[in-house]
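Everything on this sheet refers to the single structure shown next.
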Amino acid sequence: MEQKAPPDNATGPRNEHTAQLVPMPAAAKRELSNLCQVRREMAALYHAAQRGEISTEQLRGFIYALSQIAKLIELGKLEERMEMLEKMLTAGGRTH
């Protein structure tokens, strides 16, 4: 029996050998508000790619997006610390 290729507008990863859509893993909406959570998500996606559940191209895109989220978390923490230091300096009667 001949396997029919999915339409070009179908979404999701495709098996590299059969071009059939591969079911995506059940997506649990994970919180990504700290670096530990982002790291766990990266690891989960890496393992999904190893199992063939997502393509390496998809993995690359997810990792890029997660890297940007991690960078924003780091910058947010630095910004909070700078604001705290500025308030401490101002409260101590010092000026910039």
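The values are calculated or read from the model by the stated rules, or taken from the named source; none is laboratory data. Not measured: the values here are computed from a predicted model. Neighbour counts are summed over all protein chains in view; Cβ atoms, including those assigned to glycine, are modelled from backbone coordinates with ideal geometry.
Key figures
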quantity: All positions within the range 37-65 that are closer than 23 Å to THR18 by Cα, crowded, with 16+ Cβ neighbours inside 10 Å and of a type in the set (Val, Ile, Thr); calculated: ILE54
quantity: Residue among ALA44, ALA19, ALA91, ALA49 that alone is at pLDDT 60 or above and at positive phi; calculated: ALA19
quantity: Close pairs (7 angstrom Cβ cut-off, 6 or more residues apart or separate chains): closer than 18 Å to LYS71 by Cα in the range 35-50, not in a helix (DSSP H, G or I) anywhere; calculated: GLN37/ARG30; GLN37/GLU31; VAL38/LEU32; GLU41/ARG30; GLU41/LEU32
quantity: Verdict on GLU79 being part of a helix (DSSP H, G or I) and farther than 30 Å from THR18 by Cα; calculated: yes
